[in-house]
Amino acid sequence: MIGQVWTVFWRDWIVLRRRLGRYILARMISPILYLVAFGWGLGRNIKTSHGSYLDFIVPGIIALNSMTISFNAVGTPVNMSRLYHKTLEEYLLAPISVGSYVLGKVLAGVLRGLISSAVIIILAYLFGAHLWPNGWFLLALFLNCAVFAALGLVAAMMMNSHEEMSNFNTYVLTPMSFLCATFFSANQLPAFLHWGIEMLPLTHASYALRQSGMGGKVPIVSIIVLVSYFGLFLGIGICQMKQVRE
Amino acid sequence: MIEIAGLTKKYGDRTAVSDLNLAISRGELFGLLGPNGAGKTTTIKVLTMLTQPTAGRIAINGCQLPQDERRIKAMIGVVSQHLNLDIELTARENLELHGRLHQIPVEARKQRIDELLDFVELRERGNDMVQTFSGGMKRRLMIARALFHHPQVLFLDEPTVGLDPGVRRRLWGLIRSLASEGLTVLLTTHYIEEAENLCNRVAILHQGKLIALDSPSSLCQGLGEYVVEWLDGENSKSRFFADRLTAAEFVGALTTEATIRRSNLEDVFVELTGRKVAE
């Protein structure tokens, strides 16, 4: 099983290694824009209970960025592989378990999310942010990447065109990016919206990363929520892979 | 080697394959011939477990589907109709990935990659990205990939579709050499020439049903080895004869120009369905 997971991961690692420099460079653009616009520009005059607004939004930017990167690192290629390139057949024809494929792909998505987050953390220090990543921080980050990499696989199996994948991004990821305690506290939202937002995984990733990144105690509930979402999406992904044979 | 009994596959109300019964022997080069939509690819997809049958029993080398799925996967090689190589990998990496997926040890993998790249004459392009390959090169690499784990049965779904005649003949040579080494080959095609040149036996499918099954020569001889074609007004007419002499006598009695040629599998298909394979 481990060997099979490693094989699936190995393929994605080979592709990533070949373009690692370009990949890291591309991952810097969006965080720099966020840090300039919200950290230096808009955030210069905003004070929060956590200190500067820059310190407040860096964990949020890490949460939303690792979500987007992990989701797209799995969702788009697997969807293309299933519908257009038909390379998914190579795995379906091989004597490996469905779970191995799903786990291998999710881990590959996690790796990309972690690399991207490392880039943001370095940039945040250069912008003058105060962040102290510890073990809890890394656990929350890993789980956030894993949750959305698994969701990417679920979406890739459910969506039947590139346009549908794009719509999934628009209707699911984009609203979460802005509402899930990334740029402002969810407490400021109307009660009914706040209640809904509290159910979403990115909100808990933001909470966990913010608390642990500032040296505080990690909210265990958030870790439990992230683990639960990961288990749920992983299970759905495995079921969908089994049903991919018409 | 392959036993298919009562295979039926339905997609909603549409029946893609209907009550198919076939037995293919070890070392046989067997062809499924028919036009697009005849059920050839669906049959291959069911046999390779890419889709599940609606009804029927399938056994490959004594292993039953779907109970022995893992064992069957280890003993079959598949060349899909689509060029489904990983274009983000080199030729070597594509083979390496396949070897890893089939749990072939490192040293054996390295040796096998070199062997197969030699076999399909791609050794010098081994480290090149697959996206730079021509269609024929990709198809050869797909055959190498399908052979990597020493399968006992090779499934080829329209192996030469879209290739120019020279490349097609080169691939035929490759496929013949595999069959001569004892590999069981099941291929689908809608090219008459391909079925006639390659296959020991051919199953002709039409609208999901098996309508004829025999060697190409026997199927043609069943109609008559020679066919006379002539124009009657604006209508094209044809008639089959067991030998050339009788055909020539018939032509001599005609008042219009006529041609004599050997019958082929296209004639068999037209006689059985009233349509051409290419239609």
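The values are calculated or read from the model by the stated rules, or taken from the named source; none is laboratory data. Because the structure is predicted, anything quoted here is derived from the model rather than measured. We place every Cβ from the backbone using ideal geometry, glycine too, and count neighbours over all the protein chains shown.
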- Message: Can you find a residue that is surrounded by fewer than 20 Cβ atoms within 10 Å (Cβ to Cβ), in a strand (DSSP E or B) and acidic (Asp, Glu) anywhere in segment B:249-259?
- Response: no
- Task: Within segment B:30-64, count every residue that is on the phi > 0 side of the Ramachandran plot and within 14 Å of chain A (Cβ to nearest Cβ).
- Result: 1
- Message: All but one of (1) closer than 21 Å to A:Gln240 by Cα; (2) at pLDDT 90 or above; (3) within 14 Å of another protein chain (Cβ to nearest Cβ) hold for A:Met1; state the number of the condition that does not hold.
- Response: (2)
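Would you check which residues across segment A:207-246 are among the polar types (S, T, N, Q) and within 14 Å of chain B (Cβ to nearest Cβ) and list them? First the steps, then the outcome.
Start the filter on segment A:207-246 by keeping residues that are among the polar types (S, T, N, Q), which leaves A:211-212, A:222, A:228, A:240, A:243.
Listed by number, the list holds a single entry, A:Gln243.
If you take the residues of segment A:6-56 that are touching a Phe, Trp or Tyr at 6+ places or on another chain (Cβ under 6 Å) and among the aliphatic types (A, V, I, L, M), which of them is nearest to the other protein chains (Cβ to nearest Cβ)? Step through it out loud before you land on a result.
Going residue by residue through segment A:6-56, those that are touching a Phe, Trp or Tyr at 6+ places or on another chain (Cβ under 6 Å) are A:8, A:35, A:39, A:43, A:46, A:48, A:50.
Then drop every residue that is not among the aliphatic types (A, V, I, L, M), which leaves A:8, A:35, A:46.
Numbers: A:Val8: 8, A:Leu35: 31, A:Ile46: 43 Å.
Of everything passing the filter in segment A:6-56, A:Val8 is nearest to the other protein chains (Cβ to nearest Cβ).
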- Message: If I filter segment A:94-110 for residues that are surrounded by fewer than 23 Cβ atoms within 10 Å (Cβ to Cβ), under 28 Å from A:Ile236 (Cβ atoms), out of contact with any Lys or Arg (no Cβ under 7 Å at 6 or more places or on another chain) and more than 14 Å from every other protein chain (Cβ to nearest Cβ), do I get at least one hit?
- Response: yes
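Which members of segment B:97-109 meet the condition of being more than 9 Å from every other protein chain (Cβ to nearest Cβ), in a helix (DSSP H, G or I) and surrounded by 15 or more Cβ atoms within 10 Å (Cβ to Cβ)?
Initially, segment B:97-109 is screened for residues more than 9 Å from every other protein chain (Cβ to nearest Cβ), giving B:99, B:104-109.
Now restrict to residues that are in a helix (DSSP H, G or I): B:99, B:106-109.
Within segment B:97-109, B:Gly99, B:Arg109 qualify.
Answer with yes or no whether B:Ile24 is aliphatic (A, V, I, L, M), within 14 Å of chain A (Cβ to nearest Cβ) and touching a residue at least 60 places away in the same chain (Cβ under 8 Å).
no
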- Item | Which numbered condition B:Lys73 misses (of (1) charged (D, E, K, R); (2) out of contact with any Leu (no Cβ under 6 Å at 6 or more places or on another chain); (3) in contact (Cβ under 8 Å) with a residue 40 or more places away in the chain) | (3)
- Single unsatisfied condition, B:Gly166 versus (1) assigned to a helix (DSSP H, G or I); (2) of a type outside the set (Asp, Glu); (3) under 25 Å from B:Val46 (Cβ atoms): (3)
- Message: Taking the condition of being surrounded by 21 or more Cβ atoms within 10 Å (Cβ to Cβ) and either within 14 Å of chain B (Cβ to nearest Cβ) or of a type outside the set (Val, Ile, Thr) (or both), how many residues in segment A:111-127 meet it?
- Response: 5
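Each row is one residue, and each column tells you yes or no for (1) out of contact with any helix residue (DSSP H, G or I) (no Cβ under 9 Å at 6 or more places or on another chain); (2) among the aliphatic types (A, V, I, L, M).
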position	(1), (2)
B:Leu210	yes, yes
B:Gly224	no, no
B:Glu234	yes, no
B:Ala242	no, yes
B:Glu249	yes, no
B:Leu272	yes, yes
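Residues A:Ile220, A:Ile236: which one is touching a residue at least 40 places away in the same chain (Cβ under 8 Å), β-branched (Val, Ile, Thr) and surrounded by fewer than 19 Cβ atoms within 10 Å (Cβ to Cβ)?
Going through A:Ile220, A:Ile236 in turn, the sole match is A:Ile236.
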- Message: What's the number of the only condition in (1) touching a Lys or Arg at 6+ places or on another chain (Cβ under 6 Å); (2) without any contact (Cβ under 8 Å) to a residue 24 or more places away in the chain that B:His98 fails to meet?
- Response: (2)
- Query: Across segment B:175-204, what is the total count of residues that are closer than 18 Å to B:Ile76 by Cβ and touching a residue at least 12 places away in the same chain (Cβ under 8 Å)?
  - Reply: 10
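Would you mind finding the one in B:Glu266, B:Glu225 that is touching a residue at least 60 places away in the same chain (Cβ under 8 Å) and within 26 Å of the chain's Cα centre (by Cα)? Give the steps one after another, and end with the answer.
On the way: B:Glu225 fails: touching a residue at least 60 places away in the same chain (Cβ under 8 Å).
It is B:Glu266.
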- Task: Would you mind stating whether B:Pro159 is out of contact with any Cys (no Cβ under 9 Å at 6 or more places or on another chain) and either surrounded by 21 or more Cβ atoms within 10 Å (Cβ to Cβ) or not assigned by TED's automatic domain parsing to the domain that holds B:Leu22 (or both)?
- Result: yes
- Query: From the set of residues in segment B:74-86 that are within 7 Å of chain A (Cβ to nearest Cβ) and touching a helix residue (DSSP H, G or I) at 6+ places or on another chain (Cβ under 9 Å), which is nearest to B:Met129 (Cα to Cα)?
  - Reply: B:Asp86
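Just for segment A:58-91: of the residues that are of a type in the set (A, V, I, L, M) and farther than 17 Å from A:Asp12 by Cα, which one is nearest to the chain's Cα centre (by Cα)? Give the derivation first.
Here is the first cut: in segment A:58-91, the residues of a type in the set (A, V, I, L, M) are A:58, A:61-64, A:67, A:69, A:73-74, A:78, A:80, A:83, A:88.
Then drop every residue that is not farther than 17 Å from A:Asp12 by Cα, which leaves A:58, A:61-64, A:67, A:83.
Working: A:Val58: 15, A:Ile61: 11, A:Ile62: 9, A:Ala63: 7, A:Leu64: 7, A:Met67: 2, A:Leu83: 23 Å.
Only one residue tops the list, namely A:Met67.
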- Task: Filter segment A:178-214 down to the residues that are buried (at least 19 other Cβ atoms within 10 Å of the Cβ) and of a type in the set (Gly, Ala, Ser), then identify the one that is farthest from the chain's Cα centre (by Cα).
- Result: A:Ala186
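Within the bounds of segment B:113-130, is there any residue that is within 11 Å of chain A (Cβ to nearest Cβ), of a type outside the set (S, T, N, Q), closer than 22 Å to B:Ile175 by Cβ and in contact with a Gly (Cβ under 9 Å, 6 or more places away or on another chain)? Walk me through how you get there before you give the answer.
Step one: list which residues in segment B:113-130 are within 11 Å of chain A (Cβ to nearest Cβ), which gives B:129-130.
Of the ones still in play, those that are also of a type outside the set (S, T, N, Q) are B:129-130.
Now narrow it down to the ones that are closer than 22 Å to B:Ile175 by Cβ: B:130.
Restricting the remaining residues to those that are in contact with a Gly (Cβ under 9 Å, 6 or more places away or on another chain) gives none.
Among the residues of segment B:113-130, not one is within 11 Å of chain A (Cβ to nearest Cβ), of a type outside the set (S, T, N, Q), closer than 22 Å to B:Ile175 by Cβ and in contact with a Gly (Cβ under 9 Å, 6 or more places away or on another chain), which makes the answer no.
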- Task: Report yes if some residue within segment B:266-278 is hydroxyl-bearing (Ser, Thr, Tyr), surrounded by 12 or more Cβ atoms within 10 Å (Cβ to Cβ) and either modelled with pLDDT of 85 or more or more than 17 Å from B:Ile204 (Cβ to Cβ) (or both); otherwise report no.
- Result: no
